[in-house]
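Since the structure comes first, as structure tokens, the remarks are kept for the end.
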Amino acid sequence: MRKLAIGLATAVLLAALALAQDDMALLSFVVIRDYNGKPIRNASVVMHPVEKNGKQSKGGLQLKTDAEGKANFDGVPYGKLRIQVLAQGFQTFGDDYAIDKPTMEITVKMKRPQGQYSIYEEHPEQKKDEPQAQKPADNNSKDKPQ
């Protein structure tokens, strides 16, 4: 009788594990440069679960890419997942993915940083002989007529 109970408990446990694995996915990431397709080594791939209301859940997991720009994680629960990728010298990438298959490959094409402009500096497309906006008059100026 005891062997039957142990056998039945083992079968129930194995069945529960098999069912639980049906709701888990293997994610494979490939992180490459968008301008030449070469892999990015040591990029951080950060995964955060997303709640039904669209808010990011607490917690998360971080992976690092290998020399081929690849990282894998087995055991991701089905549902919405927010993926962020950070790599030195590239713009941060972020997007939400619906995890709904047993295996998924996500390719991320990282872009170079874009130029930034200041309102206080001359813009490259502005010609040198083009009139510049005048500063507003200072009401406390000593040159003001009295």
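Every read-out reported here was derived from the displayed coordinates using simple, explicitly stated rules and does not represent laboratory data. Worth saying up front: this structure is predicted, and the values here are computed from it rather than measured. Glycine also receives a Cβ, built like all others from the backbone with ideal geometry; neighbour counts cover every protein chain displayed.
Multiplying the residue separation of A67 and Q88 by 0.36 nm and subtracting their alpha-carbon distance yields 6.1 nm. Close amide H pairs (under 5 Å, H built 1.01 Å from N) link M110 with I32, R33, D34, residues at least 5 positions away or on another chain.
Per-residue 3J(HN,Hα) values for the range 59-66, derived from phi via the Karplus relation 6.51 cos²θ - 1.76 cosθ + 1.60 with θ = phi - 60°, read x, x, 9, 10, 10, 10, 7, 8 Hz in sequence order (x marks Gly and Pro).
Charged neighbours of V50, selected by a Cβ distance under 12 Å, balance to +2 (K, R count +1; D, E count -1).
Rounded to the nearest whole Hz, the Karplus-based 3J(HN,Hα) values (6.51 cos²θ - 1.76 cosθ + 1.60, θ = phi - 60°) of the range 96-108 follow the sequence 9, 10, 8, 8, 9, 10, x, 9, 9, 10, 10, 9, 10, with x at glycine and proline. Close amide H contacts of A43 (hydrogens built in the peptide plane, cut-off under 5 Å, sequence separation of 5 or more or a different chain): T65. A protection proxy built from the mean count of other Cβ atoms within 10 Å ranks the segments 107-120, 28-41, most packed first, as 28-41, 107-120.
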